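Data block below; observations after.
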Amino acid sequence: MDGILPLWKPKGFTSHDCVSKARGMLRTKKIGHTGTLDPDVEGVLPLCVGKATKIVPFLTDTDKVYEAKVKLGFSTETEDATGEVLATEQVNPSLQLEEIEQILEGFRGEITQVPPMYSAVKVKGKKLYEYAREGLEVDRPERQVTIKELTLLSDEVHHEECTATFSIRVVCSKGTYIRTLCVDIGQALGYPAHMDTLVRTRTSDIERADCYTFDEVQRKVDEGHGEQLLLPISKGLSHLATWTVNEDLKPLIKHGRVLDEPEHVKADVFTVQCNGEVLAIYQPHPSKAGKVKPVRVF
């Protein structure tokens, strides 16, 4: 069984929980996920099965699409709705979308983020959330991320007591913390803030409509159609350039041979396919000019 299981991760599960559950359902150990989602987040979580585990880093390193609700009025230690409240401030009831839209403009493009303390980023070999649980605050490395699209989904700002909420859609690069983005947007508006809810609607070209819930996965497996759940490996590599070869080259590629660089494909990494089948992922040879070498062979 080789391919990508497009799972719709439910709330209450860690990404590791999803991998473990899928292993039991599909009766296979070789499964890996392609980007961690927090337990309270739902959405697209592609699971690579069998040979597809070889593409995990390539699928992880793709754009993601999220829909988030930003809540102004109080911040939390985790930057989401699960944490202890840190600071509060009443939101001006006159706040409108026009003011928020002006602030959002400053967050489009390449921005700098500081990862939250409650995250899996490692500092001196230890995960930040481990420091946080010990009550320790440590210096966190800044990172550059790219916000390719940032749009308002709300028709109006929803005011309630001392708080205000609005929803955004984000298309971003790998490594972007939406929690931190929500906090930073709030700060730019002059208020403590946090991420109230989050849904991931797309990873690369795999979107919500492609996904199955665990109940749907179990139903397919019980019917004996587990293979029908899987997307082809090529679906997870659609963001890469492709070199299409004929049958003559197929045995050489399957054996990981170094080949002459194709004239029409100029990329740092690209797939090699024959009749729609992904044979390998190749890259320019680091020491042999005009040659390419395999990174992964399937």
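Bear in mind that the values in this text are calculations on the coordinates, not laboratory data. Given the structure is predicted, the values throughout are model-derived calculations rather than measurements. Note: ideal-geometry Cβ built from the backbone for every residue, glycine included; neighbour counts use all protein chains shown.
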Give me the dipole magnitude in Debye, nearest 20, for the range 240-297 about the Cα centre, with unit charges on the beta carbon: positive for Lys and Arg, negative for Asp and Glu. 260 debye
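At 222 nm, what helix-only mean residue ellipticity would the chain give, in deg cm²/dmol to the nearest 500, using -39500 (n - 2.57) for each DSSP H run of four or more?
Numbers: 7 runs with 57 residues, N = 298.
Calculated from helices alone, the mean residue ellipticity at 222 nm is -5000 deg cm²/dmol.
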Can you tell me the relative contact order of the chain? Whole percent, Cα pairs under 8 Å, sequence separation 6 or more. 22 percent
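Give me 129, 282 sorted ascending by neighbouring Cβ count inside 10 Å, so fewest comes first. It would help to have the intermediate numbers written out before the result.
Numbers: 129 15, 282 27.
Lowest count first: 129, 282.
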Enumerate the calculated ³J(HN,Hα) couplings along the range 229-246 in order (Karplus 6.51 cos²θ - 1.76 cosθ + 1.60, θ = phi - 60°), each rounded to whole Hz, writing x wherever the residue is Gly or Pro. 6, 8, 7, x, 4, 4, 5, x, 10, 5, 7, 9, 5, 10, 10, 8, 10, 8
First measure r as the distance between the Cβ atoms of residue 287 and residue 108, then evaluate 1/(1 + (r/R0)^6) with R0 = 45 Å and state the FRET efficiency to the nearest 0.05. 0.65
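On alpha-carbon atoms, Rg over Rh for the range 64-201 using Kirkwood Rh?
Numbers: Rg = 14.8 Å, Rh = 15.3 Å.
Over the Cα atoms of the range 64-201, Rg/Rh equals 0.96.
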Convert each backbone phi in the range 171-186 into a coupling constant with the Karplus relation 6.51 cos²θ - 1.76 cosθ + 1.60 (shift: θ = phi - 60°), then list the ³J(HN,Hα) values in order as whole Hz, x for Gly and Pro. 10, 9, 7, 4, x, 7, 9, 5, 4, 5, 4, 4, 4, 5, 4, x
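In what sequence, highest mean first, do 60-70, 150-160 appear when ranked by Cβ atoms within 10 angstrom?
Working: 60-70: 20.3, 150-160: 13.7.
Most protected by this proxy first, the peptides run 60-70, 150-160.
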Violations at 25 Å Cα threshold for listed pairs 51/254; 254/291; 71/122; 11/71; 235/266; 21/126 -> 71/122; 21/126
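Figure the gain on full extension for residue 137 and residue 156 (residue separation times 0.36 nm, minus the Cα-Cα span) and round it to one decimal in nm.
Values: separation 19, 0.36 × 19 = 6.84 nm, distance 3.69 nm.
That works out to 3.2 nm of additional length.
How large is Rg over Rh for the range 240-297, taking Rg from the Cα atoms and Rh as the Kirkwood inverse mean of 1/r across Cα pairs?
Numbers: Rg = 10.1 Å, Rh = 11.1 Å.
With Rh from the inverse mean 1/r over Cα pairs, Rg/Rh is 0.91.
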Over the chain, with a Gaussian network built from C-alpha contacts below 10 Å, which listed residue (184, 205, 17) shows the highest mean-square fluctuation? 17
Once phi for every residue in the range 42-54 is put through the Karplus expression 6.51 cos²θ - 1.76 cosθ + 1.60 (θ = phi - 60°), the whole-Hz ³J(HN,Hα) values, with Gly and Pro written as x, are 10, x, 5, 9, x, 10, 8, 10, x, 4, 5, 4, 5
